[in-house]
Amino acid sequence: MTFTTEDLQRLFAEIAEDIAAESDHLCALDGAIGDGDHGLAMDAGCQAAAKAVGELDSGIAPTTAFNVAAKAFLNAVGASSGPLYATAFMRAGAAAKDKQTLSDDDFLRVFAAMAQGIQERGKAEPGEKTMVDAWKPAADAALDARQSGKPLPQCFEAAERAARAGCEATGNMTAAKGRASRLGDRVIGHIDPGAASAVIVIAAMAKFAQHHDGDAHHTS
């Protein structure tokens with residue numbers, strides 16, 4: 001299976017669509033422990049990234065698509081999740097460098113690079129009630145599945161499961177970072193909105209890997 005920039009255009013469009021559908025829900029989650037705009041921010045960022053990537057010539061290398069996505073996301077969302085996802089896409093671009101198409105392993109490397117970029121830019125560890133609680137276990141699960149010889153769709157199924165479990169777990173945590181950290185124990189019982197939106201992004205990538213695999217079988 002290979003992924004072209006055209007495939008990435010479809011992926012970004014799907015992510016934007018899924019985030020848009022959950023925007024109100026994400027804002028409600030954020031309203032409980034933050035300033036209530038997380039859904040709007042993610043929606044704006046994902047729409048901007050999808051639009052910018054969608055306007056590229058499909059012959060352009062994937063690395064360019066990710067870099068364009070990073071810039072568009074950051075322009076649309078200057079604060080909070082903006083720099084985190086911009087870093088994720090920049091790292092994805094670096095992982096895809098010099099490739100005209102991405103193999104399954106390249107695509108997994110891109111995914112792992114996104115997770116690492118978010119963790120390093122946010123300076124967060126798992127257990128601090130942030131999106132890292134969804135991203136890191138997801139990347140680890142995908143890489144573990146790959147090492148044990150699983151095909152890409154199953155690697156992403158494992159990633160999605162781990163992300164959902166990680167997100168659920170944030171409900172029992174106090175927050176070490178950001179606005180929520182000022183609320184102390186009052187945030188217990190509320191899941192982190194950043195982890196919730198991360199699940200949507202990761203689930204969209206999983207769905208994409210699944211469909212892509214299906215397409216590949218039909219065409220071969």
Is it fair to say VAL110 is of a type in the set (A, V, I, L, M), under 18 Å from ALA206 (Cβ atoms) and either without any contact (Cβ under 8 Å) to a residue 60 or more places away in the chain or not in a loop (DSSP other than H, G, I, E, B) (or both)? yes
Would you check if THR64 is farther than 14 Å from SER197 by Cα, open to solvent by less than 60 Å² (accessible area, probe 1.4 Å) and touching a Pro at 6+ places or on another chain (Cβ under 7 Å)? no
Scanning the stretch 73-88 for residues that are hydrophobic (A, V, I, L, M, F, W, C) and in contact with a Gly (Cβ under 8 Å, 6 or more places away or on another chain), the one most open to solvent (accessible area, probe 1.4 Å) turns out to be LEU74
So if I check each of ASP37, ASP7, ASP104, ASP30, which one is open to solvent by 30 Å² or more (accessible area, probe 1.4 Å) and either charged (D, E, K, R) or out of contact with any strand residue (DSSP E or B) (no Cβ under 8 Å at 6 or more places or on another chain) (or both)? ASP37
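Going residue by residue through the stretch 54-61, is there one that turns out to be under 30 Å from ARG186 (Cα atoms), open to solvent by 20 Å² or more (accessible area, probe 1.4 Å) and in contact (Cβ under 8 Å) with a residue 24 or more places away in the chain?
No - not one qualifying residue is present in the stretch 54-61.
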Of the residues ALA50, ALA13, ALA44, which is within 17 Å of the chain's Cα centre (by Cα), within 19 Å of PRO193 (Cβ to Cβ) and either of a type in the set (A, V, I, L, M, F, W, C) or crowded, with 22+ Cβ neighbours inside 10 Å (or both)? ALA44
Does ARG91 fit the bill of being out of contact with any strand residue (DSSP E or B) (no Cβ under 6 Å at 6 or more places or on another chain), part of a helix (DSSP H, G or I), of a type in the set (Lys, Arg) and surrounded by 20 or more Cβ atoms within 10 Å (Cβ to Cβ)? yes
State yes or no: is ALA139 surrounded by fewer than 16 Cβ atoms within 10 Å (Cβ to Cβ) and either touching a strand residue (DSSP E or B) at 6+ places or on another chain (Cβ under 6 Å) or in contact (Cβ under 8 Å) with a residue 12 or more places away in the chain (or both)? no
Go through the residues of the stretch 190-200 one by one and say whether even a single one is farther than 23 Å from GLU17 by Cβ, touching a Pro at 6+ places or on another chain (Cβ under 6 Å), surrounded by 18 or more Cβ atoms within 10 Å (Cβ to Cβ) and touching a residue at least 12 places away in the same chain (Cβ under 8 Å). no
Look at ALA175 and say whether it is in contact (Cβ under 8 Å) with a residue 60 or more places away in the chain and more than 25 Å from ALA94 (Cβ to Cβ). yes
Among the residues of the stretch 68-77, are any closer than 24 Å to GLN119 by Cα and part of a loop (DSSP other than H, G, I, E, B)? yes
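The values are calculated or read from the model by the stated rules, or taken from the named source; none is laboratory data. Please read all numbers here as calculations on a predicted model, not as lab measurements. Methodologically, a virtual Cβ is constructed for each residue, glycine included, from the backbone with ideal geometry; neighbour enumeration extends over all protein chains shown. Areas reflect the complete protein model, heavy atoms only, side chains present, ligands, DNA and RNA absent. Shrake-Rupley method; radii C 1.70, N 1.55, O 1.52, S 1.80 Å.
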